[in-house]
Structures are given as C-alpha cells and as structure tokens.
1. Failed condition for GLU131, given (1) at pLDDT below 90; (2) buried (at least 19 other Cβ atoms within 10 Å of the Cβ), with all others met?
2. What do you reckon, is ALA153 surrounded by fewer than 17 Cβ atoms within 10 Å (Cβ to Cβ), of a type in the set (A, V, I, L, M), modelled with pLDDT of 95 or more and out of contact with any Asp or Glu (no Cβ under 7 Å at 6 or more places or on another chain)?
3. From (1) outside any loop (DSSP other than H, G, I, E, B); (2) modelled with pLDDT under 90; (3) within 18 Å of the chain's Cα centre (by Cα), pick out the condition that doesn't hold for ASP18.
4. Being surrounded by 14 or more Cβ atoms within 10 Å (Cβ to Cβ), of a type outside the set (Val, Ile, Thr) and modelled with pLDDT of 90 or more is the filter; apply it to region 101-124 and report the residue that is farthest from the chain's Cα centre (by Cα).
5. Which residue is surrounded by the fewest Cβ atoms within 10 Å (Cβ to Cβ), if the candidates are limited to region 156-183 and must be more than 15 Å from ILE146 (Cβ to Cβ) and hydroxyl-bearing (Ser, Thr, Tyr)?
6. Out of the residues in region 21-45 that are in a helix (DSSP H, G or I) and β-branched (Val, Ile, Thr), state the one that is surrounded by the most Cβ atoms within 10 Å (Cβ to Cβ).
7. Could you please find all residues in region 46-94 being under 20 Å from the mean Cα position of the chain (by Cα), part of a helix (DSSP H, G or I) and basic (Lys, Arg)?
8. Taking the stated definitions as given, is VAL178 without any contact (Cβ under 8 Å) to a residue 60 or more places away in the chain, closer than 23 Å to ARG135 by Cβ, over 21 Å from the mean Cα position of the chain (by Cα) and part of a helix (DSSP H, G or I)?
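The values are calculated or read from the model by the stated rules, or taken from the named source; none is laboratory data. Every value quoted in this text rests on a predicted model; they were computed, and no experiment measured them. Quick reminder, even Gly has a Cβ in these numbers, built from the backbone with ideal geometry, and neighbours come from all protein chains shown.
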Amino acid sequence: MAQSRSSLATRTTTQLLDALRTPGNEPAWEQLDARYRPIIASLARRLGLSASEAEDAAQQTLAEFVRVYRDGRYERGKGRLSSWILGIARNTTLSALRERAGRGAAQLHALDKAPDDSVVRAIWDEERDREIVLRAVELLRDDSSIEDRTLRAFELVALRGVPASEAGAQCGMTADQVYVARSRMTRRLRDRVRQLTDAYEADH
C-alpha cells in the first residue's frame, strides 16, 4: 500500500493527465486533487480568504479544471498545467474576495489593482515547495525499511529542533546515533524532495 502511494505521489503530472483519460480512474483524480488542493487553498488564504473560504475556492478551482479537462478544452501545448490551474485559482479567489467586499467601491478598486501575476506566482511557488517537503516527509513515514526510532529521532532533531541528547533519550539512542540517523534521513528526504519536484514540474 505504501509503495503504491509512493508511486502515485512521484508520478509526473503528465503521467497523471494521461491516466485521467481512462474512464473511472479514481486514483489518478485523487492524486491530482491531493497534489494541488493544499497549494490552491494556501494561495487563497494568503490572498485574503478565510480558511473555510479558501477550501471552497480550492474545491471550485479543481471542479472547474475537471470540467475543462473532460470537455477537451485543456491543451498541454499552450502552457503548463500548473499555470492553467493557477489562473483558475486566482480568478476564483478574487471573485470570492469581491463578493465578500460587496458594494464597497474602495475595496473593489483595491482588489482590481492587486495582486499582480508575479506576486501570485511567487506565492504559488512558495506553497508548492512547502507542500513538496510535507509530502516528502509523509513518504519517509510510509517507508517500511526505515526504523521507527530512526525516523522519530530525525523528526525530533531536524524538524522540531530538539537537542540530539534529548532526542536520543526519547528514542533509546546515543547522541552519535542520532547524528548518524539525521544525516542518513536528510539524504533520503532530499531524494524524495527531488523526485516530487520533478513530478510537479513535468506538467506539460
């Protein structure tokens, strides 16, 4: 099961799109949703929506992409999938902000002027990179070849900033063993991040 999840997570977006052509291919749709929903929701929150509004915007964005894709209106040769989804997400988010602003002319004018495309793209890239790291850590947790205490020591030291001696005491390891575990797991994490980054970027 873990191997299947890892295989799907590192599948390129192009491969996922090819898989979506098969009727009823729910795993492909679920993976595309899992890949982009958190990024869209984070983007929407940073542009000003509440958490619940951002989740609604993510749902609407993905639903719109599904309609476009199933209608045959998405053309890979005209741009990256991430740019296509980003465009839908931006428009959906700004529409929600304008709707919330109601008839406040000053607020509407401000929304019409900002943010520009470069700002939105920078936010998207930041949230994508953050999501990649989170997913890479999840894949490490799913890897049955990694000892539980090794992974826990790595998370304590590298992700939570716990001193090696304290992490070792919690995991039944010496400080030296914790340092070795951190080094080994850092290499694995970097490999996973690289695989996921390649998967996200191969989207056209």
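1. GLU131 satisfies all of (1) at pLDDT below 90; (2) buried (at least 19 other Cβ atoms within 10 Å of the Cβ) except (1).
2. no
3. Just one mismatch for ASP18, condition (3).
4. Only one residue fits best here, namely ARG121.
5. If we take residues in region 156-183 being more than 15 Å from ILE146 (Cβ to Cβ) and hydroxyl-bearing (Ser, Thr, Tyr), then SER165 is surrounded by the fewest Cβ atoms within 10 Å (Cβ to Cβ).
6. ILE40
7. Passing the criteria: ARG46, ARG90.
8. no
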